[in-house]
1. Pairs under 7 Å by beta carbon, first residue closer than 16 Å to Gly4 by Cβ in the range 52-66, partner surrounded by 13 or more Cβ atoms within 10 Å (Cβ to Cβ) and hydroxyl-bearing (Ser, Thr, Tyr), six or more apart or different chains?
2. With (1) in contact (Cβ under 8 Å) with a residue 60 or more places away in the chain; (2) in contact with a Gly (Cβ under 7 Å, 6 or more places away or on another chain) as the list, and Ile3 as the residue in question, which single condition is left unmet?
Amino acid sequence: MEIGEKVNEVVEKWDWFKKKTVGFQWVESSDSIAANIAEGVGRYFFKKKLVFMYYSRGSLLESKTWLQKSFNRKWVDKSK
C-alpha cells in the first residue's frame with residue numbers, strides 16, 4: 001500500500017507529458033502490487049493465491065522499471 005501512495009505523491013506533481021508517458025503506468029503498476037496481494041489472499045485455493053502473488057511480483061518489477069526510467073530521465077531525485 002505504501003509504495004502506491006508514495007509513487008502517487010511523486011507523479012501528481014509532474015507535468016502532463018511526464019504523467020502521460022510514465023506516470024500513469026507507474027501509478028497503476030505500483031497500485032497493482034497491493035491489489036493483487038489482496039485479491040490472492042481472498043482466494044480459497046492455494047494455487048489461485050499463488051497466481052496472484054506472481055502477478056504482484058510482476059507489478060513490483062514493472063514499477064521498478066518505471067522508477068529506473070524516471071531516474072534516467074532525471075524526473076526523480078535519488079536522494080528522496
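The values are calculated or read from the model by the stated rules, or taken from the named source; none is laboratory data. These numbers were taken from a predicted model, which means no experiment stands behind them. So basically every Cβ, Gly included, is an ideal-geometry build from the backbone, and we count neighbours across all protein chains shown.
1. That search, which allows pairs on different chains as well, returns Ser59/Ser29; Ser59/Ser32; Glu62/Ser29; Ser63/Ser29; Ser63/Ser30; Trp66/Ser29.
2. Here Ile3 clears every test but (2).
Residue-wise test of (1) part of a helix (DSSP H, G or I); (2) polar (S, T, N, Q); (3) loosely packed, with under 13 Cβ neighbours inside 10 Å; (4) modelled with pLDDT of 95 or more.
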position: Val10; (1), (2), (3), (4): yes, no, no, yes
position: Thr21; (1), (2), (3), (4): yes, yes, no, yes
position: Glu28; (1), (2), (3), (4): yes, no, no, yes
position: Asp31; (1), (2), (3), (4): yes, no, no, yes
position: Ala34; (1), (2), (3), (4): yes, no, no, yes
position: Val51; (1), (2), (3), (4): yes, no, no, yes
position: Ser56; (1), (2), (3), (4): yes, yes, no, yes
position: Ser63; (1), (2), (3), (4): yes, yes, no, yes
position: Trp75; (1), (2), (3), (4): no, no, no, yes
